[in-house]
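Enquirer: What follows is a single structure, and I will ask about it in a moment.
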Amino acid sequence: MLRKATTISLVLFSFAAGVFAADPNGATVYKQRCAMCHGPNGSGETPIGKSMKVRDLRSADVQKMTDVELTKIIAGGKGKMPAQKMTTEEVVAVIAYVRTLKAK
């Protein structure tokens, strides 16, 4: 019985370690952390986004910002946007995702 419990624990631990060690998916992190204000497409056309007058992430002004500039805004906040508590990997993934957003 103890051996079975130990084996199950090791399998679960290995699975959990693999999940947490995986590279974050930028789209997933964006949807979880950013979309409530910036919208699913980055337009900022959400009630919160409109009230805070967030920038359209698809705009040329945002898209031409460097990764360092975007990292500073995400990690440090700017204006009404609070600093986001994300890992470096999550920030990199979100920036890569934001780069895929295009105005229509």
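The values are calculated or read from the model by the stated rules, or taken from the named source; none is laboratory data. All values reported here derive from a predicted model rather than from experimental measurement. Backbone-built Cβ (ideal geometry, glycine too); neighbour counts: all protein chains shown. Note: accessible area is taken over every heavy atom of the protein model, side chains too, but ligands, DNA and RNA are not part of it. Shrake-Rupley method; radii C 1.70, N 1.55, O 1.52, S 1.80 Å.
Enquirer: Mind checking which residues of segment 93-104 are at pLDDT 95 or above and in contact with an Asp or Glu (Cβ under 8 Å, 6 or more places away or on another chain)?
Expert: 93, 95
Enquirer: List the pairs whose first member sits in segment 82-95 and is of a type in the set (A, V, I, L, M), whose second member is part of a loop (DSSP other than H, G, I, E, B) and surrounded by 10 or more Cβ atoms within 10 Å (Cβ to Cβ), and whose Cβ atoms are under 6 Å apart, counting only residues at least 6 apart or on separate chains?
Expert: From residues that are of a type in the set (A, V, I, L, M), the pairs are 83/77; 93/24.
Enquirer: Where in segment 23-87 are the helices (runs of 4 or more DSSP H), entirely inside, with at least 3 residues that are closer than 15 Å to residue 97 by Cβ, modelled with pLDDT of 95 or more and of a type in the set (Asp, Glu)?
Expert: Details: elements: 26-33, 35-38, 47-52, 60-63, 67-76.
In segment 23-87, there are no helices (runs of 4 or more DSSP H) which contain 3 or more residues that are closer than 15 Å to residue 97 by Cβ, modelled with pLDDT of 95 or more and of a type in the set (Asp, Glu).
Enquirer: Please go through segment 31-66 and give me each residue that is open to solvent by 40 Å² or more (accessible area, probe 1.4 Å), within 14 Å of the chain's Cα centre (by Cα) and in contact (Cβ under 8 Å) with a residue 12 or more places away in the chain, ordered by number.
Expert: 33, 36, 41
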